[in-house]
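Take this structure first; my questions come after.
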């Protein structure tokens, strides 16, 4: 076995990010009498993604992202002409984070993946997610049993693709040889970028989709079962 440490991303790798986000979005919107239809959800997802990409580029902070994505979303919602007034962005943002922390829907095969790999080497979580959300969901998730530690960007002050969380995970695990470390994640920019910047191997998890060209991952896995086999080979 070539590795002594696995670093795993959370959303889109272990958790069903889209299902959890939609459930939290619906609950938050309905709490304020706003539309939770597909069009509004798609609008929010587009705005939200643009803010996370800005975070990865170092153009914003998680504290700003948390509220500003709803400032922009509500502004676009008002442009549709259906609502003369909307709730304060801060209130909607707070309700959404609260609801998101309740969502811990694992992707198919996530628990089996962690159970299999953690029997052979430690697994550390490395996530750009909001600390309150990630800690709430993992503490109530069946997946927490298999994770040695949680490294969360908001708490550490560094966001993937910055290599800091990778290097900090190695420090905590007592692993000094970068050749003995692998990161599994679904984001080419954040996860594969962080692994590349830290000088460790990576597995791009595509969840059944083809990998983008020039993704620069060491390996590509369409399923978590394939990812486990790569990590443990």
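The values are calculated or read from the model by the stated rules, or taken from the named source; none is laboratory data. These numbers were taken from a predicted model, which means no experiment stands behind them. Here the Cβ positions follow ideal geometry from the backbone for every residue, glycine too, while neighbour counts run over all protein chains shown.
If residue 176 satisfies all but one of (1) part of a loop (DSSP other than H, G, I, E, B); (2) within 14 Å of residue 10 (Cα to Cα); (3) modelled with pLDDT of 95 or more, what's the number of the condition it fails?
Condition (2) is where residue 176 drops out.
For segment 134-153, name all the residues that are in a helix (DSSP H, G or I) and in contact with a strand residue (DSSP E or B) (Cβ under 9 Å, 6 or more places away or on another chain).
Answer for segment 134-153, where residues must be in a helix (DSSP H, G or I) and in contact with a strand residue (DSSP E or B) (Cβ under 9 Å, 6 or more places away or on another chain): 134, 135, 137, 138, 142, 143, 144, 146, 153.
Could you look through segment 44-62, keep only residues that are more than 16 Å from the chain's Cα centre (by Cα) and under 15 Å from residue 96 (Cα atoms), and pick out the one that is surrounded by the most Cβ atoms within 10 Å (Cβ to Cβ)?
44
If you go through segment 24-39 one residue at a time, do you hit one that is within 26 Å of residue 204 (Cβ to Cβ), over 17 Å from the mean Cα position of the chain (by Cα) and surrounded by 17 or more Cβ atoms within 10 Å (Cβ to Cβ)?
No, every residue in segment 24-39 fails to be within 26 Å of residue 204 (Cβ to Cβ), over 17 Å from the mean Cα position of the chain (by Cα) and surrounded by 17 or more Cβ atoms within 10 Å (Cβ to Cβ).
Checking the conditions here, which among 137, 102, 148 is without any contact (Cβ under 8 Å) to a residue 40 or more places away in the chain and either within 24 Å of residue 193 (Cβ to Cβ) or under 16 Å from the mean Cα position of the chain (by Cα) (or both)?
148
A further question follows. (1) in contact with a helix residue (DSSP H, G or I) (Cβ under 9 Å, 6 or more places away or on another chain); (2) buried (at least 17 other Cβ atoms within 10 Å of the Cβ); (3) under 22 Å from residue 103 (Cα atoms): which one isn't true of residue 144, the others all being true?
With respect to (1) in contact with a helix residue (DSSP H, G or I) (Cβ under 9 Å, 6 or more places away or on another chain); (2) buried (at least 17 other Cβ atoms within 10 Å of the Cβ); (3) under 22 Å from residue 103 (Cα atoms), residue 144 is out only on (2).
Does residue 217 meet the test of being buried (at least 18 other Cβ atoms within 10 Å of the Cβ), touching a helix residue (DSSP H, G or I) at 6+ places or on another chain (Cβ under 9 Å) and assigned to a helix (DSSP H, G or I)?
Taking the combined requirement at face value, the residue does not satisfy it.
I've got another one for you. Search segment 77-96 for residues being outside any loop (DSSP other than H, G, I, E, B) and in contact with a helix residue (DSSP H, G or I) (Cβ under 6 Å, 6 or more places away or on another chain), and hand back the single one that is surrounded by the fewest Cβ atoms within 10 Å (Cβ to Cβ).
So, considering only residues that are outside any loop (DSSP other than H, G, I, E, B) and in contact with a helix residue (DSSP H, G or I) (Cβ under 6 Å, 6 or more places away or on another chain), the one surrounded by the fewest Cβ atoms within 10 Å (Cβ to Cβ) is 90.
Looking at (1) under 12 Å from the mean Cα position of the chain (by Cα); (2) closer than 19 Å to residue 19 by Cα, which is the one condition that is false for residue 108?
Residue 108 satisfies every listed condition except (1).
Restricting to segment 176-192, what's the tally of residues that are crowded, with 19+ Cβ neighbours inside 10 Å and either in contact (Cβ under 8 Å) with a residue 40 or more places away in the chain or over 24 Å from residue 220 (Cα atoms) (or both)?
9
Table: residues versus (1) over 25 Å from residue 183 (Cβ atoms); (2) outside the structural domain of residue 10 (by TED's automatic domain parsing); (3) in contact with a strand residue (DSSP E or B) (Cβ under 8 Å, 6 or more places away or on another chain).
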residue	(1), (2), (3)
38	yes, yes, no
47	yes, yes, no
54	no, yes, no
64	yes, yes, no
69	yes, yes, no
72	yes, yes, no
92	yes, yes, no
96	yes, yes, no
113	no, no, no
